Each structure stands twice: as structure tokens, then as C-alpha cells.
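Undergrad: Below is one structure. I have some questions about it.
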Amino acid sequence: MEFELKDVTLFSRLSKEQLETLQFHVHVRHYSKDSVLFYEGDKSAYLQILLGGTVRLYKTTAKGSQIHMHHFTAPEIVALYAAFEKVSFPATCEFLTDGMIGFLPLEKVYELLGDSDFSMTLISVLTKRMKLLSDLFHRETIYTSEAKIADVICNNPTVFSRLKNTEIASILNITPETLSRTLTKFKNKKMISIDHHVLTILQKDALIEIIEANIISKH
């Protein structure tokens, strides 16, 4: 499978020569679904670029339960902050589908820090990652289960055709039963329809109201 680093946001503003130099040093490895790319606490001397598939990041509690943090779909860089700060990965990364990772030596990336366009893009990407953490905190401490599900329906409806309900429930840190029960509520209220795993939004305003009110209407 061919890939181009220019498709990854972090490298999108580099020159053709810079891209060719970096791409020469990328080592590609294929993974099967459920494979673990890295564990919480691991370190790496490589920038890990998701070139194919979908992965999820999760933390494990002292009791062994998993807390979903985020999921990435190619093309995307995984654990960007940990790589540049040279710290241990704060979460475990697991493939939700078959996928492919490009390993780029960090030393080659550091050589680009003198490029102002690259540095500005890096700051922008890191800022967006900080927002992901903020959204995660808000979702896990504020949102009800109904609001979580309404949020993913509005912002990522295709996930229902790509992943199993058990996988979606894991991403939302809820039980599969809660997901199934809530989807049934939404269907009964004519907010959505689901046909052969294809979800169609029928009343987006009603779903947004659930997110903003953080409840499901009893009417």
C-alpha cells in the first residue's frame, strides 16, 4: 500500500525534498485487529504514524478496567506529545481494525524544528490534542450516557457501520446494554433510524438538545 507523508497534517507544509528525505527513513509494519501497538508506560525512539486502519487509546485502572481516551483513523500520528517530550506513553494503543504503522526516527523529525512552517504546524496539532483531552474530561465527568451517545451520533455517525456495538460502547466507556437501550429509545422517538448497521439522523436538533441539556426528554 502506497502512502505519502504529505497526507499527514504535521508534514503537510514541508517541501518536496523534505518529504522525500523523511519518507526514505519510514519503516512500515502491518498489524491485525486487536494487536497492541504499545502499552501504557512504554517508550519509543520513533514517531508512530497511523497509515491505515483505526486504533484506540485507553488507560487501565488499578482494578483492571479500561477507560477509553480517544480513537484515531488513518492518516494520523499516534501519541504525538509523548514522542516529542520523550516521556512514557500515557495510555495503551490497540488496533480496532487491521492497520499499518509507519515508524519514523524521532531524530529525523527533530531536524525539522528549525523550519518555521513545521514548528507552527506542530504547535497547531499539539493544541488540537490538548482540546481532545479537554473534551474527554468534559465527556467523562459531565455527560450522561444518553448525551455521550447523542454526541457520537451527531459527530461520527459512520462509526456504527464500521464498528460493532460492543466496540462503540467501549469507546464511550459504557456497557453494550446501555448503548443498545439508548439507541432503541432514540429510534422509538424517531430521532434516528438504523438499517443494516447504517445509522441515519432524522432529528438532529433533538439530539443536540440532549447533548446540551445532558438528559433525554421524557415527552
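The values are calculated or read from the model by the stated rules, or taken from the named source; none is laboratory data. Keep in mind it's a predicted model, so treat the numbers as computed, not measured. Positions of Cβ are backbone-derived with ideal geometry, glycine not excepted, and every protein chain shown enters the neighbour counts. We work out accessible area using only protein heavy atoms, side chains counted, and drop any ligands, DNA or RNA first. Shrake-Rupley method; radii C 1.70, N 1.55, O 1.52, S 1.80 Å.
Undergrad: Solvent-accessible area of Glu94, probe 1.4 Å, all protein chains present, reported in Å² to the nearest ten, please.
TA: Result for Glu94: roughly 30 Å² accessible.
Undergrad: Next question. Which percent of Cα-Cα pairs in the chain sits in each 5 Å bin, short to long?
TA: Calculated P(r), rounded to whole percents: 1, 6, 13, 17, 16, 14, 12, 9, 6, 3, 1, 0, 0.
Undergrad: Here is a follow-up. Round to a whole angstrom and tell me the spacing of the C-alpha centers of region 98-118 and region 1-62.
TA: 9
Undergrad: Testing the spin-label approximation: label points 7 Å from Cα along Cα→Cβ at Ser116 and His70. State their distance in nm.
TA: Simple spin-label model gives 2.8 nm for this pair.
Undergrad: Starting from 0.36 nm per residue, how many nanometres of slack lie between Glu177 and Thr21 once their C-alpha separation is accounted for?
TA: 51.2 nm
Undergrad: Then there's this: Using 32 Å as the Cα-Cα cut-off, could you pick out the over-long pairs in Lys16/Lys59; Lys108/Lys148; Lys33/Lys187; Lys6/Lys86; Lys6/Lys33; Lys33/Lys108?
TA: Among Lys16/Lys59; Lys108/Lys148; Lys33/Lys187; Lys6/Lys86; Lys6/Lys33; Lys33/Lys108, the Cα-Cα distance tops 32 Å for Lys16/Lys59; Lys108/Lys148.
Undergrad: Oh, and also: State the Kirkwood hydrodynamic radius of region 142-212 in Å, one decimal place, computed from all pairs of distinct Cα atoms.
TA: 11.9
Undergrad: In addition: Leaving ligands, DNA and RNA out of it, report the carbon-plus-sulfur percent of the accessible area of the chain at a 1.4 Å probe.
TA: Result for the chain: 54 percent of the exposed heavy-atom area is carbon or sulfur.
Undergrad: Rank-order 26-33, 145-152, 184-191 by packing density, defined as the average count of other C-beta atoms within 10 Å over each peptide's residues, highest first.
TA: 145-152, 184-191, 26-33
Undergrad: At R0 = 45 Å, how high is the FRET efficiency between Glu212 and Asp42 if r is their beta carbon distance? Nearest 0.05 is fine.
TA: So the FRET efficiency works out to roughly 0.70.
Undergrad: Let me ask something else about it. Straight-line reach from Lys164: which aspartates and glutamates fall under 19 Å, measuring Cα to Cα and dropping same-chain residues less than 8 apart?
TA: Of all the aspartates and glutamates, those that pass the test against Lys164 - Cα under 19 Å, at least 8 places apart if same chain - are Asp34, Glu94, Asp98, Glu146, Asp151, Glu177, Asp195.
Undergrad: Distances over 17 Å make up what percent of all Cα-Cα pairs in region 1-54?
TA: Here the long-distance tail beyond 17 Å is 46 percent of all Cα pairs in region 1-54.
Undergrad: How far, in nm, would the chain grow between Asn156 and Thr184 when pulled straight, counting 0.36 nm per residue and subtracting the alpha carbon separation?
TA: Extra length available between Asn156 and Thr184 comes to 8.3 nm.
Undergrad: So, one more: With the cut-off at 21 Å, report for region 1-95 the share of all Cα pairs above it, as a whole percent.
TA: It works out to 36 percent of all Cα pairs.
Undergrad: Still on this model: Give me the dipole magnitude in Debye, nearest 20, for the chain about the Cα centre, with unit charges on the beta carbon: positive for Lys and Arg, negative for Asp and Glu.
TA: Around 820 debye, computed over the chain.
Undergrad: State which helices in the chain qualify, where a helix is a whole DSSP H run, it must extend 27 Å or more along its own axis by its Cα atoms, and its mean Kyte-Doolittle hydropathy must be at least -1.0.
TA: Qualifying helices: 116-141.
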